[in-house]
1. Considering only the range 102-120, how many residues are crowded, with 24+ Cβ neighbours inside 10 Å and not in a helix (DSSP H, G or I)?
2. Anything in the range 256-280 that is more than 23 Å from Leu30 (Cβ to Cβ) and surrounded by 19 or more Cβ atoms within 10 Å (Cβ to Cβ)? List them, or say none.
3. Could you tell me which of the residues Ser273, Ser255 is of a type in the set (Ser, Thr, Tyr) and touching a Pro at 6+ places or on another chain (Cβ under 9 Å)?
4. So, Thr183, is that one in a helix (DSSP H, G or I), buried (at least 24 other Cβ atoms within 10 Å of the Cβ), out of contact with any Lys or Arg (no Cβ under 6 Å at 6 or more places or on another chain) and polar (S, T, N, Q) or not?
5. What residue, among those in the range 281-298 that are more than 31 Å from the chain's Cα centre (by Cα) and of a type outside the set (Lys, Arg), is surrounded by the fewest Cβ atoms within 10 Å (Cβ to Cβ)?
6. How many residues are in contact with a Phe, Trp or Tyr (Cβ under 9 Å, 6 or more places away or on another chain) and either within 21 Å of Ala118 (Cα to Cα) or aliphatic (A, V, I, L, M) (or both) when one looks only at the range 46-66?
7. Looking at Asn63, Asn95, Asn5 in this structure, which one is in contact with a His (Cβ under 9 Å, 6 or more places away or on another chain) and either of a type in the set (S, T, N, Q) or within 29 Å of Ile261 (Cβ to Cβ) (or both)?
8. Could you tell me whether the range 85-99 includes any residue that is part of a helix (DSSP H, G or I) and among the polar types (S, T, N, Q)?
Amino acid sequence: MPALNMTERIARFSFFSAYEQLKPATIEQLKKHLLDAMGSMLYSMKAPTVEKLFRQIKFLQANGPLAVPVLGSTSVDRAAQLYTLLVRYPDYMDNYLGKHATCHPSDNIGGILAACQAINASGRDFFTAMAIGYQLECTLIDQMPLMAKGIDHTALLAMSLTAALGPLYGLTLEQAAHAIGITGSTFNTTVTTRASYTYEWKGYASSLVALGCTNTILLAKEGVTGPVSYFEGPMGFKDEFEMDPEFNCEAGDFSRIEHCILKSYNAEVHTQSAIEALLDLRCKHNIRAEDVKRIDATIFLTAYNIVGGGRYGDRKLVQTKEQADHSLPYLLAVAMLDGEVLPAQLLPERIRRPDVQALMEHVYVDTGLPLKAPRKVAEVLDPYTAPYPEKMPAKISIHLKDGKVIEEKKEDYKGFYTRPLDWEDVVNKFHLLGKDTTDGAMRNDLIAVIANLENEPVSRLTDLLAQIK
């Protein structure tokens, strides 16, 4: 029997994994991540950036079989797009950290939710597909760190989401392998989406992937074929990217999910431990922003490159939410001034105020070792870079105008897999994010449904969401 192509191995993992293989602890973690994602969804419903998609869908597909929030109804592919953007836009959702790349596993949720709504699936079907999407994307991030090659992590979402959708939509294994080859070879966006200056498309990119994966999976079900040998074939992934991934997850192996993490602060994931360190110092020493001369942040190389002014560009030019939540200088400055980093700190009127713009100029970011390249050397020698991603080292040094210097070092933060948020933490975050779009009764109903979703049809969740106008 010839060896299976990697697209076929991915499809087999999806088709032969089952709800019964999920550990109780994994199900409870998936519930926390789902509730966390729904909090972002509620917050996004009145965001001006998201309203642009509402207007587009009204123009393109105002009516359809699926009831959705705000719009009323739309088609399944547009619902997948909308749900994904609603979860993704605030950039307050979950993450998985690979050595050289990261991803947002919750990007899988929107497409899966729309599919489950369309086929009237059970909550168990939903959690199974969610676990498959999470495990697949996290595995691919570890084995195919495309961000190091300039390709965005949504390229891997395309394959994880497609694989998770295959069993839901009733494809055969062969059809699913073709669909994975199509989306893998089609959705290869560049990481410049997240570089400086960062624009709204950072929040939109995964939603377009969800739209495309839904269309692709349904075309494959009709018999449309694609590059099954996307990885191994001529001009394939392995040759062109000089990587040799070997997807070898056994069906039911969901071990990477326990390393998925949630955010305590509405900021890019690599900033979380540095923000926590600064806020601890601010509280312990009763520091006032007007007494601060400068702030030094020592962080690991990945954080420096993405949010500290490294390879992704200047992070001190900040006028919009998208640039602010990816600027460690801004985030530390606003944390010092406001004592928190929540959605309110990313509103345009807060970002552009003179106090934070001035203090940001006195925030300096660097790694623990002056050497930034070659990366493999820095990963060995830099004491802040070497432990990543098992730890997220950060040191904050605050220089006061009276000459004192106070410091705090962190190796993780509340929300990291070593110090995870508990259910009540996520409930509190959910209420915070949803308070301007829903009343307490609606939020409590959503919490109750998610807490018991394995015993409910998914329609219980989507029917509640559709009531939000």
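The values are calculated or read from the model by the stated rules, or taken from the named source; none is laboratory data. Predicted model only: the values in this text are computed from it and were never measured. Methodologically, a virtual Cβ is constructed for each residue, glycine included, from the backbone with ideal geometry; neighbour enumeration extends over all protein chains shown.
1. 1
2. Ala267, Glu268, His270, Thr271, Ser273, Ala274, Ile275, Glu276, Ala277, Leu278, Leu279
3. From the options Ser273, Ser255, the qualifying one is Ser273.
4. Spelling it out, Thr183 is indeed in a helix (DSSP H, G or I), buried (at least 24 other Cβ atoms within 10 Å of the Cβ), out of contact with any Lys or Arg (no Cβ under 6 Å at 6 or more places or on another chain) and polar (S, T, N, Q).
5. Checked the range 281-298; the qualifying residue surrounded by the fewest Cβ atoms within 10 Å (Cβ to Cβ) is Asn286.
6. 3
7. Asn95
8. no
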